[in-house]
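Written below as structure tokens is the structure these notes are about.
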Amino acid sequence: MTSTAPHKKAKALKPNSQPPAKALCSECGLCDTYYIHYVKEACAFLNQQIPQLETQTHGRSRNLDNDDDVYFGVHQKMMAAKKKQPIEGAQWTGIVSTIACEMLDRNLVEGVICVQNTKEDRFQPMPVIATTKEEVLAARVNKPTLSPNLSVLEQVEKSGMKRLLVIGVGCQIQALRAVEKQLGLEKLYVLGTPCVDNVTRAGLQKFLETTSNSPDTVVHYEFMQDFRIHFKHEDGRIEKVPFFGLKTNQLKDVFAPSCMSCFDYVNSLADLVVGYMGAPFGWQWIVVRNSLGEEMLDLVGDLLDTQPVNSSGDRHQAVQQGIPAYDKGVTLPMWAAKLMGVVIDKIGPTGLEYARFSIDSHFTRNYLYVKRNYPNKLENHVPSFAKKIVGQYKLPD
Ligand code: FAD
Ligand code: SF4
């Protein structure tokens with residue numbers, strides 16, 4: 001993987017200047033480095049190339065005749081897992097942080113790109129190259145905001161590091177894969193998480209203020225498989241707000257344009273993906289994409305309880321009904337939203353079918369967003385697998 005010829009460099013973007021992807025920029029951090037030279041090919045929002053990068057990374061792209069491939073990307077296996085002893089303060093049970101710690105411990109890598117928060121603000125992302133377990137653990141828990149994880153890439157090359165683990169979300173990993181050969185590494189491992197509906201720091205504040213009854217004390221939140229958002233507060237209290245009660249009319253503009261036009265929810269280009277949405281409530285969802293992913297998962301095998309993934313219910317009607325409701329910004333009264341949440345939780349999709357529900361809902365919404373706001377980009381920006389998914393539904397104009 002070591003690059004033989006010196007790669008091209010360009011001047012990183014100046015603070016507050018317009019990024020090449022303009023409003024669609026997800027602040028992945030690439031343009032904060034001299035790798036901005038490659039932005040036209042590398043940026044996920046300027047050049048959609050998921051199938052090509054899947055072939056580069058996994059040896060093949062998705063098989064569009066295989067439903068699991070279409071939804072979850074190239075993979076060798078999937079499972080549900082949780083740590084026997086969860087890490088206190090992790091987003092779920094801390095599988096991601098544990099793998100990263102093990103990789104440093106066993107000297108498989110010299111550094112880990114991950115994201116801590118600033119001293120002043122628990123949700124303000126601060127990307128780092130962690131070289132100790134303590135630094136990895138300090139990055140546990142989601143910073144639910146756009147995060148310039150790749151902004152530290154230049155430091156990797158300058159430090160002379162040759163073996164690296166990168167933890168990141170889909171748009172960061174797409175750009176990373178596109179410049180991977182320029183990094184001068186001998187070994188690159190990529191541990192990804194799914195990602196959807198991300199926001200700027202200001203957008204996050206609006207979301208918390210609109211949705212939680214105590215926005216200042218939220219320490220973490222998640223859109224859960226029981227169709228509720230769970231906000232965890234400083235005192236340990238869990239506040240649950242049904243998805244169907246979200247003030248969609250006020251929140252329509254809160255999600256970043258990049259996330260409204262993203263079709264890489266499942267992080268197609270990571271070696272290993274750790275999320276939750278295809279697993280039963282309380283469990284994490286693991287997708288092993290290739291042999292490097294297998295190697296990473298094996299490191300923590302003894303520390304996990306596991307079970308096979310399952311699937312039940314039929315999402316189609318719920319997705320179809322949700323499309324015009326979201327489009328019109330319908331907000332249900334709280335009693336009706338709670339009731340609907342309870343009913344759907346009892347009879348609605350679970351396991352992989354819940355994951356498909358979430359993917360379908362987001363891809364249809366995002367397809368409409370791109371079609372209306374960036375009609376010239378629609379054809380090339382939406383990957384074939386996403387067109388196949390969206391094609392199952394009737395969309396408004
Ligand atoms: P931990 O051990 O707590 O580690 C979390 C890791 O995430 C840390 O290493 C940190 O570096 C990294 N991280 C934190 N914030 C960011 C960020 N903004 N960008 C890049 N990396 C970051 N899973 C789903 O199944 N469905 C979803 O819809 C979904 N949405 C997500 C949205 C965001 C913005 C993020 C960051 C993650 C999302 N996930 C989603 C993944 C899920 O919430 C957990 O992060 C994952 O299951 C790992 O949990 P853990 O306890 O093992 O992680
Ligand atoms: Fe640059 Fe990343 Fe923004 Fe694209 S998304 S313009 S690569 S910082």
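The values are calculated or read from the model by the stated rules, or taken from the named source; none is laboratory data. Computed from a predicted model, the values in this text were never measured in an experiment. Because the Cβ atoms are built from the backbone with ideal geometry, glycine has one as well, and the counts that use them run over all protein chains shown. What goes into the accessible areas is simple: the full protein's heavy atoms, side chains included, and nothing from ligands, DNA or RNA. Shrake-Rupley method; radii C 1.70, N 1.55, O 1.52, S 1.80 Å.
Yes/no per residue for (1) acidic (Asp, Glu); (2) more than 19 Å from the chain's Cα centre (by Cα); (3) within 26 Å of Pro125 (Cβ to Cβ); (4) within 16 Å of ligand 1 (Cβ to nearest atom):
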{"site": "Ala10", "(1), (2), (3), (4)": "no, yes, yes, no"}
{"site": "Ser17", "(1), (2), (3), (4)": "no, yes, yes, no"}
{"site": "Glu41", "(1), (2), (3), (4)": "yes, yes, yes, no"}
{"site": "Arg60", "(1), (2), (3), (4)": "no, yes, no, no"}
{"site": "Asp65", "(1), (2), (3), (4)": "yes, yes, no, no"}
{"site": "Asp69", "(1), (2), (3), (4)": "yes, no, no, no"}
{"site": "His75", "(1), (2), (3), (4)": "no, no, no, yes"}
{"site": "Ala80", "(1), (2), (3), (4)": "no, no, no, yes"}
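Of the set (1) more than 21 Å from the chain's Cα centre (by Cα); (2) surrounded by fewer than 23 Cβ atoms within 10 Å (Cβ to Cβ); (3) within 16 Å of ligand 1 (Cβ to nearest atom), all apply to Met103 but (2).
For Ala21, are the conditions met, namely being within 16 Å of ligand 1 (Cβ to nearest atom) and open to solvent by less than 40 Å² (accessible area, probe 1.4 Å)?
Working: within 16 Å of ligand 1 (Cβ to nearest atom): no; open to solvent by less than 40 Å² (accessible area, probe 1.4 Å): yes.
No, not satisfied.
The residues of the range 243-262 that are part of a helix (DSSP H, G or I), out of contact with any strand residue (DSSP E or B) (no Cβ under 9 Å at 6 or more places or on another chain) and within 15 Å of ligand 1 (Cβ to nearest atom), listed by number, are Ser258, Cys259, Met260. Checked against (1) small (Gly, Ala, Ser); (2) more than 11 Å from ligand 2 (Cβ to nearest atom); (3) in contact with a helix residue (DSSP H, G or I) (Cβ under 9 Å, 6 or more places away or on another chain), Ala80 passes all but a single condition, namely (3). Say we look at the range 158-184 and pick out the residues that are of a type outside the set (S, T, N, Q) and surrounded by fewer than 19 Cβ atoms within 10 Å (Cβ to Cβ); which of these is nearest to Leu108 (Cα to Cα)? Filtering first and then ranking leaves Arg163. Could you run through the range 263-278 and say how many residues are under 18 Å from Asp360 (Cβ atoms) and more than 11 Å from ligand 1 (Cβ to nearest atom)? Final tally of qualifying residues: 3.
Per the conditions (1) touching a Cys at 6+ places or on another chain (Cβ under 9 Å); (2) surrounded by fewer than 20 Cβ atoms within 10 Å (Cβ to Cβ); (3) closer than 24 Å to Lys77 by Cα; (4) not aliphatic (A, V, I, L, M), the sole criterion not satisfied by Gly275 is (2). Within the range 224-242, the set of residues being part of a strand (DSSP E or B) and surrounded by 16 or more Cβ atoms within 10 Å (Cβ to Cβ) comprises Arg228, Ile229, Phe231, Lys232, His233, Glu239, Val241, Pro242. In the range 266-321, the residue that is nearest to ligand 2 (Cβ to nearest atom) out of those that are of a type in the set (A, V, I, L, M, F, W, C) and farther than 22 Å from Lys83 by Cα is Leu269.
Candidates in the range 114-145 are the residues that are aliphatic (A, V, I, L, M) and more than 15 Å from the chain's Cα centre (by Cα); of these, the one that is most open to solvent (accessible area, probe 1.4 Å) is Met126.
Within the range 4-40, the residues that satisfy the criterion of being of a type outside the set (Lys, Arg), under 20 Å from Leu378 (Cβ atoms) and either assigned to a loop (DSSP other than H, G, I, E, B) or more than 9 Å from ligand 2 (Cβ to nearest atom) (or both) are Pro20, Ala21, Ala23, Cys25, Ser26. A search for C-beta distances below 9 Å between a residue of the range 295-320 that is touching a residue at least 40 places away in the same chain (Cβ under 8 Å) and farther than 19 Å from Thr98 by Cα and any residue that is assigned to a loop (DSSP other than H, G, I, E, B) and among the hydroxyl-bearing types (Ser, Thr, Tyr), counting only pairs 6+ apart in sequence or on different chains, returns His316/Tyr393; Val319/Tyr393; Gln320/Tyr393. For the range 190-219, residues that are crowded, with 20+ Cβ neighbours inside 10 Å, in contact (Cβ under 8 Å) with a residue 60 or more places away in the chain and more than 9 Å from ligand 1 (Cβ to nearest atom) total 2. The range 109-182 holds no helices (runs of 4 or more DSSP H) entirely within its bounds that carry 1 or more residues that are aromatic (Phe, Trp, Tyr) and more than 13 Å from ligand 2 (Cβ to nearest atom). Within the range 58-75, residues that are in contact (Cβ under 8 Å) with a residue 12 or more places away in the chain and under 13 Å from Leu272 (Cβ atoms) have Cβ atoms under 7 Å from residues that are open to solvent by 60 Å² or more (accessible area, probe 1.4 Å) and in a loop (DSSP other than H, G, I, E, B) in these pairs: Val74/Arg60, counting only partners at least 6 apart in sequence or on another chain. Here is the figure for the range 1-60: residues that are under 25 Å from Leu191 (Cβ atoms), at pLDDT below 95 and small (Gly, Ala, Ser) total 1. Of all the residues in the range 44-99, those that are among the charged types (D, E, K, R) and either in contact with a Cys (Cβ under 6 Å, 6 or more places away or on another chain) or in a loop (DSSP other than H, G, I, E, B) (or both) number 5.
The residues of the range 135-167 that are within 13 Å of ligand 1 (Cβ to nearest atom) and either under 18 Å from Gln49 (Cα atoms) or without any contact (Cβ under 8 Å) to a residue 60 or more places away in the chain (or both), listed by number, are Glu135, Val136, Leu137, Ala138, Ala139, Arg140, Lys143, Thr145, Val166.
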